[in-house]
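Chemist: Take a look at the following structure, please.
The values are calculated or read from the model by the stated rules, or taken from the named source; none is laboratory data. All values derive from a computational prediction rather than experimental measurement. All Cβ positions, even for glycine, are placed from backbone atoms using ideal geometry, and neighbour counts span all protein chains on display. Side chains are part of the model used for accessible areas, which takes the heavy atoms of the whole protein and leaves out ligands, DNA and RNA. Shrake-Rupley method; radii C 1.70, N 1.55, O 1.52, S 1.80 Å.
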Number of protein chains: 2
Amino acid sequence: MVDILHRIGTTSTPEKVYAALTTVDGLASWWTQETSGDSDVGGILKFRFHGVPMPDGFDMKVLQAEPAERVLWEVVDGPKEWIGTRIVFELKQEDGYTIVLFRHEGWEEPGEFMHHCSTKWATFLMSLKNLTETGKGEPAPHDVRISNWH
Amino acid sequence: MVDILHRIGTTSTPEKVYAALTTVDGLASWWTQETSGDSDVGGILKFRFHGVPMPDGFDMKVLQAEPAERVLWEVVDGPKEWIGTRIVFELKQEDGYTIVLFRHEGWEEPGEFMHHCSTKWATFLMSLKNLTETGKGEPAPHDVRISNWH
């Protein structure tokens, strides 16, 4: 099993970052505008990305949501490499920043698609940083293009 | 052992990307302006980053340099978490892009510093993409700030 790891810091508050991770409006403002579903614990969030070669979407079950501290999802539908993997966001305060420790855990193989997803997550986490600092993120379809795989 | 993985694609040629990975001028144009040393196989490249909390620098031994295909470095000095790790850039052509598969291999622990370095590598690889596509990268000290750790 291999994991994708990232760390960003935003000058915004843990409460604002938590809202961006646990509301459909928040998620639609930094990851993909096509976000829908139920963001409560036990609910399913649906993320879609039209018009790009891969992936066309992910469904996440919300396993944990501890205000201003931790959010955990399990991937229940999407590309086969993603199904069963888990995504965790851990929040803490340090030096006037809200730090987000991100892990996408449980990949079976470190294949080329995982390399792509790692870089793509970095650009989306920078979008989360921008959203919470300036009010404007870069969610799909206005996301940063990193390669032929979008 | 755990690894950092990334994948980017640039519309530039493998030859231009290879030059950006194997010349002091090229490296200074996307990673850090304070690059010096010997970029031939067996040589030591020195990367420095003044005025930031961490890290203050890395020394890399060039283990492989296969034109337009592959570059491999071993970290011989720097933060203790980096020493002995290896960094590989693999190049290939696909859909009119030069694809860069990047791995920073052999971390002992997936600690918070590794999370930071993963995100930071993503932003520097986007700088490599920008350099090879437009002629202008964002090397340190003009790099993208991702957190309190720079």
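Chemist: Taking only protein heavy atoms into account and a 1.4 Å probe, give the accessible area per residue of chain B in Å².
Modeler: Value for chain B: 41 Å² per residue.
Chemist: Separate question: Keeping to pairs on different chains or 8 or more places apart, tell me how many lysine pairs in region B:2-134 have Cα atoms under 15 Å apart.
Modeler: Eligible lysine pairs with Cα atoms under 15 Å apart amount to 5.
Chemist: What are the label-to-label distances in nm, one decimal and shortest first, from A:I44 to the same spot in the other copies, with labels 7 Å along Cα to Cβ?
Modeler: 5.8
Chemist: Consider the operator that turns chain A into chain B: which A residue has a Cβ nearest its axis, and what is that gap in Å?
Modeler: Whole-Å result, nearest residue of chain A to the axis: A:A122, 2.
Chemist: How do A:D25, A:D38 stack up against each other in accessible area, from largest to smallest, with a 1.4 angstrom probe?
Modeler: Largest to smallest exposure gives the sequence A:D25, A:D38.
Chemist: Rounded to the nearest 500, what is chain A's calculated 222 nm mean residue ellipticity when only DSSP H runs of at least 4 contribute -39500 (n - 2.57) each, over all residues?
Modeler: -7500 deg cm²/dmol
Chemist: Okay, next question. Take every residue in peptide A:6-12, count the Cβ atoms of other chains within 10 Å of its Cβ, and give the average of those counts.
Modeler: Taking the mean over all residues of the peptide, I get 6.
Chemist: Could you give the longest part of chain A that holds none of the trypsin sites (Lys or Arg not before Pro) found in DSSP loops with at most 16 neighbouring Cβ atoms within 10 Å?
Modeler: A:1-79
Chemist: OK, next. Taking the label point as lying 7 angstrom from Cα along the Cα-to-Cβ axis, what are the distances from A:V144 to the corresponding position in the remaining copies, in ascending order and in nanometres?
Modeler: Result, one decimal in nm: 0.1.
Chemist: What's the buried accessible area, both sides, between B and A using a 1.4 Å probe, rounded to 100 Å²?
Modeler: Roughly 2500 Å².
Chemist: Could you work out the mean count of beta carbons from other protein chains within 10 Å of each residue's beta carbon in B:119-131?
Modeler: Per residue, the number of nearby Cβ atoms from other chains is 4 on average.
Chemist: To the nearest 20 debye, what charge dipole does chain B have about its Cα centre, counting +1 at the Cβ of each Lys and Arg and -1 at the Cβ of each Asp and Glu?
Modeler: For chain B, the charge dipole is close to 280 debye.
Chemist: Sort shortest first the distances from B:E112 to its counterpart in every other copy, using label points 7 Å along the Cα-to-beta-carbon line, and give them in nm.
Modeler: Counterpart label points of B:E112 in the remaining copies fall at 3.7 nm.
Chemist: Give me the net charge of B:T22's neighbourhood, meaning all other residues with Cβ under 14 Å from the Cβ of B:T22; Lys, Arg count +1, Asp, Glu -1.
Modeler: Local charge sum for B:T22: -4.
Chemist: Now for a separate question. Residues of B:75-81, mean number of Cβ from any other protein chain within 10 Å of their own Cβ, rounded to a whole number?
Modeler: Other-chain Cβ atoms within 10 Å of each residue's Cβ, averaged: 0.
Chemist: How much net charge surrounds A:F89 when only the other residues with a Cβ under 9 Å from the Cβ of A:F89 are counted, with Lys and Arg +1 and Asp and Glu -1?
Modeler: Summing Lys and Arg as +1 and Asp and Glu as -1 gives +1.
Chemist: Something else: For chain A, with a Gaussian network of springs between Cα atoms less than 10 Å apart, report the residue from A:L27, A:L63, A:L128 with the top mean-square fluctuation.
Modeler: Sorting by GNM fluctuation, first place goes to A:L63.
Chemist: Out of the DSSP beta bridges found with both residues in chain A, what percent are antiparallel (nearest 5)?
Modeler: Taking every DSSP beta bridge with both residues in chain A, the antiparallel ones total about 95 percent.
Chemist: Ordering B:L45, A:L101 by how much accessible area each has at a 1.4 Å probe, largest first, what is the list?
Modeler: Ranked from most to least accessible, the order is A:L101, B:L45.
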